[in-house]
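Written below as structure tokens is the structure these notes are about.
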Amino acid sequence: MNFKRIARWSAGAISVALVAAAIIYWSSGNACDQNTAPRGARMKGIVHCDYGSPEALKLEDVEKPVPAADEVLVRVRAAAVNPLDWHFMRGTPYFARVEMGLRKPKAIRLGVDFAGTVESVGSNVTEFKPGDEVFGGRTGAFAEYVSVRADRAVVLKPPNVTFEQAAAVPVAAITALQGLRDKGQLQRGQKVLINGASGGVGTFAVQIAKAFGAEVTGVCSTRNVELVRSLGADRVIDYTREDFTKSGQNVTTSSSTTSGTTRCWSADAP
């Protein structure tokens with residue numbers, strides 16, 4: 001009797017949960033559904049109202065951001081495209097939609113990497129001024145303007161670097177830096193093998209590892225061997241001709257920081 005009661009209760013609870021999930025899923029939307037009247041100044045920006053292919057992207061009039069007290073308003077001069085934007089556009093991996101939006105993307109603006117000129121600053125900002133050339137990362141970078149916190153993800157652009165070059169740095173370089181310095185605890189004199197050394201993250205990883213004083217082995221395809229070597233790699237393995245896992249070297253992902261430890265770090269596509 002108790003078993004039947006528990007079974008009925010469980011079935012009822014599951015049914016309620018499924019109905020609730022269905023309601024949440026179908027009711028989830030974004031700003032594209034609101035049809036609100038324009039507020040304030042407008043600008044051009046790339047939006048995506050639904051997950052899907054690049055054909056779903058649209059260039060539309062969107063609201064121009066107004067910087068808060070701790071933010072700077074940047075006029076975008078260049079923006080870079082990377083796999084992160086592709087994942088946002090496609091809504092993949094699917095479990096990430098719990099955060100990004102179940103049925104439709106919560107954030108309809110795309111782009112992260114940007115470089116540009118400071119247009120105005122908030123009342124509490126002292127480290128930047130109008131006219132400063134900067135670069136950094138902010139959701140919605142595929143637009144004429146972005147507003148970003150002055151103490152996070154925006155820095156002055158070196159004068160010898162173009163806006164286009166600077167815009168290609170943030171996501172890829174920070175990923176490489178965090179992987180090697182923060183997670184890998186890379187130290188001078190250690191050996192590191194970077195799989196995918198000619199990709200967006202990999203090219204930065206090679207240079208950062210060398211700057212840390214490591215001995216770098218890069219893995220890439222034939223056409224990119226000279227590129228990886230030019231970035232400073234001490235040794236380059238062409239994976240189409242040699243299986244680096246059978247090279248006889250002791251490659252490990254150990255967290256040890258002992259000098260001489262060999263580390264294997266996988267970047268992105270070679």
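The values are calculated or read from the model by the stated rules, or taken from the named source; none is laboratory data. No experiment lies behind these values; they were computed from the predicted model shown. Here Cβ is always computed from backbone atoms with ideal geometry, including for glycine, and neighbour counts include all displayed protein chains.
Give me the strands (runs of 3 or more DSSP E) completely within region 49-167, filtered to those with at least 1 residues that are over 17 Å from Cys32 (Cα atoms) and outside the structural domain of Phe204 (by TED's automatic domain parsing), ordered by residue number.
Result: 71-79, 113-121, 133-137, 145-149, 154-156.
Name the single residue, out of those in region 206-225 being in contact with a Ser or Thr (Cβ under 8 Å, 6 or more places away or on another chain) and within 23 Å of Gln178 (Cα to Cα), that is surrounded by the fewest Cβ atoms within 10 Å (Cβ to Cβ).
Cys220
With respect to Asp182, determine if the residue is surrounded by fewer than 22 Cβ atoms within 10 Å (Cβ to Cβ), over 14 Å from the mean Cα position of the chain (by Cα), assigned by TED's automatic domain parsing to the domain that holds Gly218 and not in a strand (DSSP E or B).
Yes: the conditions hold for Asp182.
If a residue has to be surrounded by 22 or more Cβ atoms within 10 Å (Cβ to Cβ) and either among the hydrophobic types (A, V, I, L, M, F, W, C) or part of a loop (DSSP other than H, G, I, E, B) (or both) to count, how many in region 169-179 make the cut?
Summing the residues that are surrounded by 22 or more Cβ atoms within 10 Å (Cβ to Cβ) and either among the hydrophobic types (A, V, I, L, M, F, W, C) or part of a loop (DSSP other than H, G, I, E, B) (or both) in region 169-179 gives 2.
Does Val121 meet the test of being closer than 29 Å to Ala69 by Cα, surrounded by 19 or more Cβ atoms within 10 Å (Cβ to Cβ) and among the β-branched types (Val, Ile, Thr)?
It is true that Val121 is closer than 29 Å to Ala69 by Cα, surrounded by 19 or more Cβ atoms within 10 Å (Cβ to Cβ) and among the β-branched types (Val, Ile, Thr).
If you scan region 226-243, which residues turn out to be loosely packed, with under 15 Cβ neighbours inside 10 Å and not in a loop (DSSP other than H, G, I, E, B)?
Correct list: Glu226, Ser230.
Give me the pairs, please: first residue somewhere in region 177-197 and in contact (Cβ under 8 Å) with a residue 60 or more places away in the chain, second residue anywhere and of a type in the set (Val, Ile, Thr) and part of a loop (DSSP other than H, G, I, E, B), beta-carbon distance under 6 Å, and either six or more positions apart or on two chains.
As it stands, the answer is Gln185/Thr257; Gln187/Thr257; Gln190/Thr261; Leu193/Val251, since those pairs meet every condition given.
Of the conditions (1) under 19 Å from the mean Cα position of the chain (by Cα); (2) within 27 Å of Arg90 (Cβ to Cβ), Lys104 clears all except one; give me its number.
(1)
What number of residues within region 175-205 satisfy the criterion of being touching a Ser or Thr at 6+ places or on another chain (Cβ under 8 Å) and basic (Lys, Arg)?
So the answer is 2.
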